Amino acid sequence: MGLRPIPGLGLGVDVHRFGGAGPLLLGGVAVEHPTGLLGHSDGDALCHAVADALLGAAGLGDLGQHFPSDDERWRGASSLELLRLVGERLRAEGLVAAGIDSTVVAEAPRLGPFRELMAATMAGVLGLDPARLSVKVKSSDGLGLTGRGEGVAALAVARVSAGSEGSV
């Protein structure tokens, strides 16, 4: 295996289609909606994007490498638990999440009232000061798969650093 990049910034992106058995989970928070999101795990696109951003920032690959969809151990897994395991992996490497900015794109349901709870929930499993994790929500003005109400997209950027800089 080659050299890993110096820890720094990472980008995570995830998209899941509606249609799964409920509840709709985003950032580890159950949101009222007729269906959940389809996925090998619980389909929480926001947790997945944040986890991918952290893994990328640490030079540790991506979520699929750590929790492959062809591994039955992860079928139906809690994405919040996967995020917690990513946080543990970072700490094992001597790294911490220093800051995370994320965005959920969905036409419905309205997610604004859940932003702070999503941020606090994810920060809690990462051992991160909640002030260092932001969640924004956007609609796509009727355009694309999110605009047609087919699913949810999530994006995140994360910064990691050595030591305990971002921890609570």
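For region 9-162, the orientation-averaged shadow of the C-alpha convex hull comes to 8.1 nm² (one quarter of the hull surface). Under a model in which nothing but the beta-carbon of Lys, Arg (+1) and Asp, Glu (-1) is charged, the chain shows a dipole of about 220 debye around its Cα centre. If you fit an axis through the alpha-carbon atoms of helix 115-126 and take the longest principal axis of the Cα set of the chain, what angle between them do you get, 0 to 90°, nearest 10? So the helix axis and the longest Cα principal axis differ by about 40 degrees.
Compared with the dominant Cα axis of the chain, that is its longest principal axis, helix 45-57 is turned about 20°. The P(r) of region 1-99 has a tail past 24 Å containing 23 percent of all C-alpha pairs. Short-range pairs are left out: with C-alpha atoms under 8 Å and at least six residues apart, the relative contact order of region 9-162 is 32 percent.
The convex hull of the Cα atoms of region 59-144, projected and averaged over all directions, covers 7.1 nm².
Computed from Cα atoms, the angle from the helix 79-92 axis to the main principal axis of the chain rounds to 10 degrees.
From the alpha carbon centroid of region 14-68 to that of region 90-151 is 11 Å.
Each value in this text was obtained by applying a stated rule to the coordinates, not by laboratory testing. Given the structure is predicted, the values throughout are model-derived calculations rather than measurements. Ideal geometry is used to build each Cβ from the backbone, glycine not excepted, and the neighbour counts take in all protein chains shown.
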